[in-house]
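Here's the structure we're looking at; comments come further down.
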Amino acid sequence: MNMILIGPPGAGKGTQATRLVENHGLVQLSTGDMLRAAVAAGTEIGKKAKAVMDAGQLVSDEIVIGIISDRLDEPDCQAGVIFDGFPRNLAQAEALDALLAGKKLSLDLVLEIRVDDEILISRIEKRAAESGGERSDDNADVLRDRLETYHEQTAPLLPYYEAQNKLKVVDGMLSIDEVSEEIEKVLKGEVTA
Ligand code: AMP
């Protein structure tokens, strides 16, 4: 099974993806993690991406589509993947549809983790304090820019996937365990939200 986790920054996509990896043997494909690794390694992609990431904006479609396409060709992805933080705009979503079709893969589910902006701002302040500045894009000012980017560019993916009959929504304001339970229900087909 191949699925997308979609939701604003701080919604808990990464945490839930980790649990899905553990419980279902899926492979997590986080473009944010891949880009941070490229920045840390000082690669050409990393050099291009760093300033854009620090400003809370989106790295070019060409870069992220390229890294996702390469990663999908690795054999472990045959177990099924969770796209975490990708796609983030309509051009990426269309490119992903084409990519998957070209690789004879399908997209089975798009799961939105829905959370209010105010809750996210308080969560990210907590996360920034805990990470001790490890992530240079983790502060309240950058979060506001990232939320704006989310609403402008990523939220239009929701009707896009709804039209494909693939979208399910879980309430991301529940506790982490409760969100996981809701996701499990969706996966079992118990919920048709
Ligand atoms: P994330 O960890 O998913 O929140 O991503 C951190 C940052 O990496 C984002 O704010 C963007 O600058 C960049 N990024 C991650 N995924 C994408 C993507 N699919 N398209 C463009 N930029 C991305």
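How would SER122, SER69, SER30 line up from fewest to most surrounding beta-carbon atoms within 10 angstrom?
Details: SER122 11, SER69 14, SER30 19.
Placing the least packed residue first, the sequence is SER122, SER69, SER30.
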Point to revise | Distance between segment 49-91 and segment 145-193 - C-alpha centres, whole angstrom | key: 19
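Quick note: the coordinates plus some simple rules give every number you see, no bench work behind them. Not measured: the values here are computed from a predicted model. Here Cβ is always computed from backbone atoms with ideal geometry, including for glycine, and neighbour counts include all displayed protein chains.
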